[in-house]
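Note sheet for the following structure.
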Amino acid sequence: MENQNTEWKQSWRDEYLEWICGFANAQGGVLEIGRNDNGVVIGLTDSRKLLETLPNKIRTTMGIIADVNLLTEDGKEYIAVKVAARINRLFIRRTSAGQVRQDMGFCTRAAFESRGVYK
């Protein structure tokens, strides 16, 4: 069940880096990619590539290491990104066309959504 600490997404979008940042700035949480809004695993076509690129995106944009795992349910692969709560506020570097920019924003997690506050 989706809640303050769990979010399901059918596929990956770079904007979900804000969810990861928001989890880190709140109580921590898990982003599961490859599940629909009902929590059913629908699978990912690019799971192996995402497993390889996602940890680097998280490290590059936030400077943290997240626990990124490839899991299988009913023969379908999905990815779980587990993020621990941070003591110090975490900021995210916004990306544009794959480039890391220097404008940074603080992300929070409230009422099942992540919000960014940018300079």
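Kindly establish whether V83 is surrounded by 15 or more Cβ atoms within 10 Å (Cβ to Cβ) and in contact with a Cys (Cβ under 9 Å, 6 or more places away or on another chain).
Values: surrounded by 15 or more Cβ atoms within 10 Å (Cβ to Cβ): yes; in contact with a Cys (Cβ under 9 Å, 6 or more places away or on another chain): yes.
Yes: the conditions hold for V83.
In this structure, does E77 turn out to be of a type in the set (D, E), surrounded by 14 or more Cβ atoms within 10 Å (Cβ to Cβ) and either modelled with pLDDT of 95 or more or not in a loop (DSSP other than H, G, I, E, B) (or both)? Can you show your working first?
Working: of a type in the set (D, E): yes; surrounded by 14 or more Cβ atoms within 10 Å (Cβ to Cβ): yes; either modelled with pLDDT of 95 or more or not in a loop (DSSP other than H, G, I, E, B) (or both): yes.
Spelling it out, E77 is indeed of a type in the set (D, E), surrounded by 14 or more Cβ atoms within 10 Å (Cβ to Cβ) and either modelled with pLDDT of 95 or more or not in a loop (DSSP other than H, G, I, E, B) (or both).
Name the residues in the stretch 18-54 that are within 16 Å of Y78 (Cα to Cα) and aliphatic (A, V, I, L, M), would you?
Selection gives V30, L31, I33, V40, V41, I42, L44, L50, L51, L54.
Of all residues in the stretch 86-107, which are at pLDDT 50 or above and surrounded by fewer than 16 Cβ atoms within 10 Å (Cβ to Cβ)?
The first filter runs over the stretch 86-107 and keeps only residues at pLDDT 50 or above, leaving 86-97, 104-107.
Across the stretch 86-107, the qualifying residues are R86, I87, N88, R89, T95, S96, A97, M104, G105.
One line per residue, one yes/no per condition, for (1) within 15 Å of L90 (Cβ to Cβ); (2) β-branched (V, I, T); (3) buried (at least 16 other Cβ atoms within 10 Å of the Cβ):
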position: A26; (1), (2), (3): yes, no, yes
position: I33; (1), (2), (3): no, yes, yes
position: R48; (1), (2), (3): no, no, no
position: V68; (1), (2), (3): no, yes, yes
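The values are calculated or read from the model by the stated rules, or taken from the named source; none is laboratory data. Predicted model, so just to flag it, every value in this text is computed and none were measured. Please note: Cβ atoms are built from the backbone with ideal geometry, for glycine as well, and neighbour counts cover all protein chains shown.
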